[in-house]
Amino acid sequence: MPENEPAASAASSVPDAALPPVPAWPVRVWRFGRYPVATALFLLLAFPRFDLWPMAHLALVPLLLHLYGCRRGRAAFGAGLLSGCLFYAGLLYWIPRSLGAYGGLNLTMSILTLLAVCLACGGFWGAFAWAVYRLVSRWGWRGFFPVPCLWVVMEWLRDSVPQIGFPWGNLGTSQAYVGPLIQIADLTGVYGVSGLVAAINTVFLLLLLMEVPRKVKIFWGALVGIALFHVLVYAEFCYLTIPITRGRAVEVAGIQGNAPDQNDWERLREFHVEIYPALVAELDKRSPRPELVILPENPAPFSYDRDLGYRQMMSELSRRHGITLLFNGIHYSARGYHNSVFSLDPAGRPGPVYDKIRLVPFAEQIPLQPVFSFVRILSREISNFRPGTEPVLHDARGVKAGVFICYEGVFPGLVRDFTGAGADLLVNVTNDGWFGQTAAPYQHFQPNLLRAVENRRYLVRVANTGISAIIDPFGRVVEKGPLFERAIVSGTVYTQDRRSLYVAWGNWFPVLCAGAALFFLILSTRKKQDGTGA
């Protein structure tokens, strides 16, 4: 086709300046965001409902590689912030639905709340990334060695913020179903598991960096490998030596009622008056009969304090069946009203009342009210519960049960306080019906496995719509109920009096990591001032 050749030649002669310029910003966005986005995606895959837990062992690698090439601290902070925000946006996508159902917030405010949570949690990721950048900019690839300490400190600080601390999505929690890896939690809490996973990430990172000497790669890999080996040996030692069936045997039953729409008060009234008593009556047919019966957290159109008829009904229920009964309700005190757990002994006599300490922000209470007081105008449905002040133990025929409510189970230190106060059995009552058919019920269940290991206690979880379960002191699920079905989860648990190192010493491990991280950061600053830094 000779006649086409002149045209082709003419086209090739058009100067480059005549072509429309290619925008530079898409390339810059791609180069800046690809690695932080990869970290968010990889870590998200490690959590329910993907449950690809091995992904957590390499999820931090892309972000760390990106930090290695950063030239400014604010760029490093921005990369960490981006990665954290995207991770939490994917993990907590269910928040708008829950706030709409529970707090009555409209869709716009619910989405803005989700964005605020993502920015707050992502800000801690940004601080972590900035700290890593500081070390790497001074010492090159050697600055990656303190990464496990920095990550542990970041999680610990984020979890510890008063009123709005949010220990959801901890790196160690992604390993909840990997029994051998989480047994060290009775020494270090969940933070030790997070530190181990972060250390494994650094091994993969150094393998990818060509400038790192081969001997260093082998040494660091061997060091982390030895730590992992000892973790596995310790787990086997625990399985062989901790007697989890030598305490007093207690027959327990959790009633998963699968109560109806939380806003339909007439149906809820019928449920509490008819369905719960009928389900408790079914337990009389079981052998052995449960002696401790637990009802889930669930809105009730009654007040045990103020409604004489309801109080008599619940007392008669425990007396008729000869059971210790734990149930949720609103407790009124001189300070206001509380989300609480009541107890009745087999004679129908009331026991201590536990008032929930950690309230759900923007649902049960508006946190930092001088700052967020305007939210009350946007939704009158947000409750104004008052927080409790201390853990309270319930007596079940000599068994001391520490009962915590709803998302209090994601706070390691709070659950530890119950065991420290003398609890030889842990109970979590919750209502996950607000989450609907999302990943949230699975995410909410997962931390309970770590709490059982940290405290070396049996943990009975009773949820209105599920997931209800009995968990042994090794974090293994003994019995488990279905989701969004009516069920009774029952079995035998054993009291435990062993005090784990985590219960005795608390957060010694993140404090130690904080000291190490601070030492390295100060040292890097001094090197810069002396003019000897990289």
Inter-part gap, Cα centre of region 164-242 to Cα centre of region 320-348, in whole angstrom, is 42
Which whole number of Å³ per residue matches the convex hull of the alpha-carbon atoms in region 161-255?
166
Just give me a number: lysine pairs in the chain, eight or more positions apart or cross-chain, with C-alpha atoms less than 27 Å apart.
8
So the angle from the long Cα axis of helix 25-45 to the longest Cα principal axis of the chain, reported in degrees to the nearest 10, equals 30
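Evaluate 2.2 N^0.38 Å with N set to the residue count of region 246-323, then give the Cα radius of gyration divided by it. The partial results should precede the final answer.
On the way: Rg = 13.7 Å, N = 78, 2.2 N^0.38 = 11.5 Å.
Rg over 2.2 N^0.38 Å, computed on Cα atoms: 1.19.
Give me Rg/Rg_expected for region 90-148, where Rg uses Cα atoms only and Rg_expected = 2.2 N^0.38 Å with N residues.
On the way: Rg = 17.5 Å, N = 59, 2.2 N^0.38 = 10.4 Å.
That ratio works out to 1.69.
Which of the trypsin sites (Lys or Arg not before Pro) found in region 82-181 are in a DSSP loop and have at most 16 neighbouring Cβ atoms, other than their own, within 10 Å?
Of the trypsin sites (Lys or Arg not before Pro), not one in the loops of region 82-181 has a Cβ with at most 16 other Cβ atoms within 10 Å.
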Helix axis angle, 190-208 relative to the chain longest principal axis, alpha carbon, degrees:
20
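So what's the convex hull volume per residue for the Cα atoms of region 415-455, in Å³? Each step should come with its number before you reach the end.
Numbers: hull volume 2.7 nm³, N = 41.
Normalising the Cα hull of region 415-455 by residue number yields 65 Å³.
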Mind jotting down the three principal axis lengths of region 30-186 based on Cα atoms? Whole angstrom, largest first.
51, 38, 31
When the convex hull of its Cα atoms is projected in every direction, mean area for the chain (nm²)
34.7
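In µm²/s, what is D for region 411-522 at 37 °C and 0.692 mPa s, where D = kT/(6 pi eta Rh) by Stokes-Einstein and Rh is the Kirkwood radius from Cα pairs? Mind showing how you got there, number by number?
Values: Rh = 15.3 Å.
It diffuses with D of about 214 µm²/s by this estimate.
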Report the percentage of all Cα-Cα pairs in region 107-239 whose separation exceeds 24 Å, rounded to a whole percent.
41
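Pulled fully out, how much extra length does the chain show between Lys215 and Phe484, if you take 0.36 nm times their separation in residues and subtract their Cα-Cα distance?
Values: separation 269, 0.36 × 269 = 96.84 nm, distance 5.45 nm.
Length gained between Lys215 and Phe484: 91.4 nm.
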With 5 Å bins from zero, work out the P(r) of region 229-291 over every alpha carbon pair and list the percent per bin.
4, 13, 15, 12, 10, 10, 9, 9, 8, 7, 4, 0
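Give me the percent of Cα-Cα pairs in region 150-190 that sit more than 17 Å apart, rounded to a whole number. Spell out each step's value before the answer.
On the way: 287 of 820 pairs.
Percentage above 17 Å: 35.
Where nothing but the Cβ of Lys and Arg (+1) and of Asp and Glu (-1) is charged, how large is the charge dipole of the chain around its Cα centre, in debye to the nearest 20? List each step's numbers first, then the result.
Numbers: 48 positive and 38 negative charges, 322 e Å.
For this selection, approximately 1540 debye.
Rounded to the nearest whole Å³, what is the per residue volume of the convex hull around the Cα atoms of region 166-323?
Values: hull volume 29.7 nm³, N = 158.
Convex hull volume per residue, Cα atoms: 188 Å³.
Rule-based calculations on the coordinates, nothing more; no lab input. Quick caveat: nothing in here was measured; it's all calculated off a predicted structure. Quick reminder, even Gly has a Cβ in these numbers, built from the backbone with ideal geometry, and neighbours come from all protein chains shown.
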